[in-house]
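The next block holds one structure in the form of structure tokens; read it before the comments.
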Amino acid sequence: MWYHGQFATVNSTAQNQAPFACVYGRGDFGRPRRVFRVVPQPAGHTADESALWGPMPYTPIASAAASTVASAAAVAAQDLKVEAPPKAELGDFAIGCFAAAKAQRKSPAVLAAEIAASFAPSQWLASATATGPFVNFRAARPAAFRWVVTAALTDQLLPRALGAGQTICIDYSSPNISKSLAYHHIRSTVIGHSLVQIFRALGYRTVGINHLGDWGTTHGMLIAGAKLWPEALPEPVDVAALGALYQRYRKEMETDPKLEDLARQWFGRLERGDAEARAMWQRFRDISWAEFETVYQQLGITFDEVRGESAYEAAMPGVLEEMAQKGLSKESEGALVIELPGEKAPLLLKTKDGTTLYATRDLAAAQYRWTTYHFTRSLYVVDRGQALHFRQLFAALGLAGHEWASRCEHVPFGLVRLGGKKTGTRAGNVVLLKEVFADATDDVTPRIAENQAQLPPEQVAETARMVGIGAVVFANLVTQREKDVDFTWEKVVSLDGDSGPYLQYSHARCASILRKAGWTSSNVEAAAEAEQLDFSRLAHDAEWAVARRLLDFPEIVARAAQSCEPHGICHYLLDLAGDFSRWYTAGNGDATLRVLCDDEDTRRVRLMLTAAVRATMARGLGLLGMGAPDAM
RNA sequence: GCGCGCGUAGCUCAGUUGGAUAGAGCGUUGGCCUCCGGAGCCAAAGGUCGCAGGUUCGACUCCUGCCGCGCGCACCA
């Protein structure tokens, strides 16, 4: 379904093309090109502008600005981009008149001047001035303060209708069993978890899926290894021992080719349901999951579906039959493959030994997810090294005639390097996730214990976990997904400047002020009170800067969802924390500027604004998968 | 070789989908508190946005070609 002639360039992740316009998972392989974007209309969802993507006004103030220009210039409000002027002195909201002026055969500056000249103040807007081709609007501050504070306190700042009736599947984390969760697993885990929170906050139904790597020849190696060298797995068996066994097997395989056959044999027995193979595999899987779960608990992650590759075993014959029936699969060099137009390498369905492969199981999994969830988008948060796999996978689904193949998206992220080298279990270059968390937590513990001497030790420990792990999570979300990151302890546990703890600190400061003020009302009660308050008492520019920032929250989150890029939220929260800190610091030299000032009415609205910041910061941190401590 | 991605301050990164004088943090230098929490705030210095063309009113952003770095290229997942 098209919407309002609003087109966009497909970026690296968003690719909602019409069926068969491009069956590949990612919109632009080859050179990026301009295409028309089509928003798929989910079943049972009526056309409604709230369901549309893209830059659009999410607040009544921005909406009013857009309508003003739209009616004066005879263009659709939806086609106008409302942005922030580069400097706050210029105004609160800016609209460029380029396109509208062209349609009217006027110069943008002339049109802007005309619009500004005919402007009349309204409920939301106080003034409009033309600066070159831009019309810069100033908000009616008291009304804007009241609106944003109320919305923030009642958790209505985010457009929750955006995802109504739509489902997003998110495949993330998805580690292989019998290997420790190492630092390079964290990006998929943390990005995916954040995306789940983001989509959910926008009203989507989300399905977080942990597609465990629990099937394949690898597991034949483990069984074979355990049989050959039982002493390698002393009780109690843990994941580290299983990982070491796997490493050993691979190493010995290099010199002893028979081991490869042996592993294949064991996997073959596993596939055929051999009782001994099955029992050993199940045990390794249970041991692995128990350990994974402790890490997920630390991160506050629960999955809607933990369904490993093994779960699709029964679906394999059906997949193979479908591909054969549609004439897509053929034998090549002893293996069963699907050849793809424009691709040099085919997609492999079966080895020459007849065992199924990663891709076969992914085909079945994709199919399962479609029939089970009828998703609007099905996301795979997997490192960029697997881009080819997903491109081929989605292409094969498209060739098989599944129109929903175009709803599948690979959400790639860059490599994690360690000492400049690629990390990975196979390369043996790993740092364990639980160790990183433990170290980060230890790092912050003394400072919290010192700052919060009144807290009982267990609460200090809990806060330290929240802050330490939060630092690690934030460090992994703050850069664009596709950039490679080099792991360094300093960066990951950084506490100053642009860091997770800085955000949590500003949240704790808000909480501290509210505590000190004896603020006991719930957010909802406070919002009800906002109706009666005099927001014109908030007269300082530093206070307005905070409120102006809050108004940006909905668009930031919507954009993060569209592009599957949580990092915009990180930077937004840093800006919000900065605005709050500047306001806060203004009170250092001047007691009348403090939240807890003498004037009763002023204090009341300042507390209200502080509560709104606290609520938004907590909400934002939640979207990143981080905790928001009240004291630290 | 082919494909994909990245290249912005000394370092690590943003840059509102083509708009106004390219912004933060770290580091460096210098300031701010008898302070509602200094994990803070302010200021200075620091830039040929890899290079060269092109598209147009306008390019860090789009196109072409180079250069550099990384990753991926059939029976692993």
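Find out how many positive minus negative residues lie around residue A:312, taking Lys and Arg as positive, Asp and Glu as negative, among other residues whose Cβ is under 10 Å from that of residue A:312.
-1
If each residue of separation counts as 0.36 nm, what is the full-extension length gain between residue A:286 and residue A:98 once their alpha-carbon separation is subtracted?
61.5 nm
Which of the peptides A:403-412, A:469-478 is most tightly packed, and how do the rest follow, judged by the mean count of other Cβ atoms within 10 Å per residue?
Packing order, densest peptide first, comes out as A:469-478, A:403-412.
Just to confirm the filter: which chymotrypsin sites (Phe, Trp or Tyr not before Pro) across region A:142-218 are DSSP coil and have at most 13 other Cβ within 10 angstrom of their Cβ?
Loop-located and lightly packed - none at all.
Of A:626, A:617, how do they rank once you tally other Cβ atoms within 10 Å and put the fewest first?
Lowest count first: A:617, A:626.
Roughly what angle does helix A:316-325 make with the longest principal axis of chain A, taking Cα atoms, 0 to 90 degrees, to the nearest 10?
90
Give me the tail of P(r) for region A:167-422 as a percent: Cα-Cα pairs with distance above 35 Å.
Percentage above 35 Å: 16.
Using only Cα atoms and rounding to the nearest 10 degrees, what angle (0 to 90) does helix A:275-299 make with the longest principal axis of chain A?
Relative to chain A, helix A:275-299 is tipped by roughly 20 degrees.
DSSP beta bridges in chain A, what fraction antiparallel, as a percent rounded to 5?
Antiparallel bridges make up about 55 percent of those DSSP assigns within chain A.
Compute log10 of I(q)/I(0) for region A:434-624 with the Debye formula, placing one identical point scatterer on every Cα and leaving out solvent, at q = 0.19 Å⁻¹, to two decimals.
-1.34
Please order A:178, A:118 by the number of other Cβ within 10 Å, starting at the fewest.
Neighbour counts put them in this order, fewest first: A:118, A:178.
Order these peptides, A:243-251, A:135-143, by their mean beta-carbon neighbour count within 10 angstrom, highest first.
With the highest mean Cβ count within 10 Å placed first, the list reads A:135-143, A:243-251.
Using only Cα atoms and rounding to the nearest 10 degrees, what angle (0 to 90) does helix A:258-271 make with the longest principal axis of chain A?
70
Looking at this model, which pairs from A:179/A:344; A:251/A:422; A:251/A:483; A:179/A:326; A:352/A:483 are more than 27 angstrom apart at the alpha-carbon?
In this structure, A:179/A:344; A:251/A:483; A:179/A:326; A:352/A:483 exceed 27 Å between Cα atoms.
Considering only DSSP beta bridges with both partners in region A:167-422, what is the antiparallel share in %, to the nearest 5?
35
How about residue A:330: which aspartates and glutamates have a C-alpha closer than 18 Å to its C-alpha, ignoring those fewer than 8 places off in the same chain?
In chain and number order, the partners are A:321, A:322, A:339, A:343, A:353.
Take the Cα atoms of region A:460-573, find their three principal axes, and give me the spread along each one in whole Å, biggest first.
52, 37, 25
Express the C-alpha Rg of region A:348-484 as a ratio against the empirical globular expectation 2.2 N^0.38 Å, rounded to two decimals.
1.49
To the nearest Å, what is the center-to-center distance of region A:618-632 and region A:346-400, using C-alpha atoms only?
Computed from Cα coordinates, the inter-centre distance equals 35 Å.
Just grab the label-to-label distance for residue A:603 and residue A:229, each label 7 Å out from Cα along the Cβ direction, in nm (one decimal).
7.1
Taking R0 as 22 Å, what FRET efficiency do you get between residue A:331 and residue A:403 from their Cβ-Cβ distance, rounded to the nearest 0.05?
0.20
Which value at 222 nm does chain A reach when only helices count, each DSSP H run of 4 or more adding -39,500 (n - 2.57), with the total divided by all residues and rounded to the nearest 500 deg cm²/dmol?
-15500 deg cm²/dmol
Translational diffusion coefficient, Stokes-Einstein: compute it for chain A using the Kirkwood radius over C-alpha pairs as Rh, at 10 °C and 1.306 mPa s, and state it as an integer in µm² s⁻¹.
Here the translational diffusion coefficient equals 59 µm²/s.
Packing-wise, with mean Cβ within 10 Å as the measure, how do A:590-602, A:93-105 rank, highest first?
Descending packing order for the listed peptides: A:93-105, A:590-602.
Quick note: the coordinates plus some simple rules give every number you see, no bench work behind them. All values reported here derive from a predicted model rather than from experimental measurement. Using ideal geometry, Cβ is built from the backbone for each residue, glycine included, and neighbour counts are taken over all protein chains shown.
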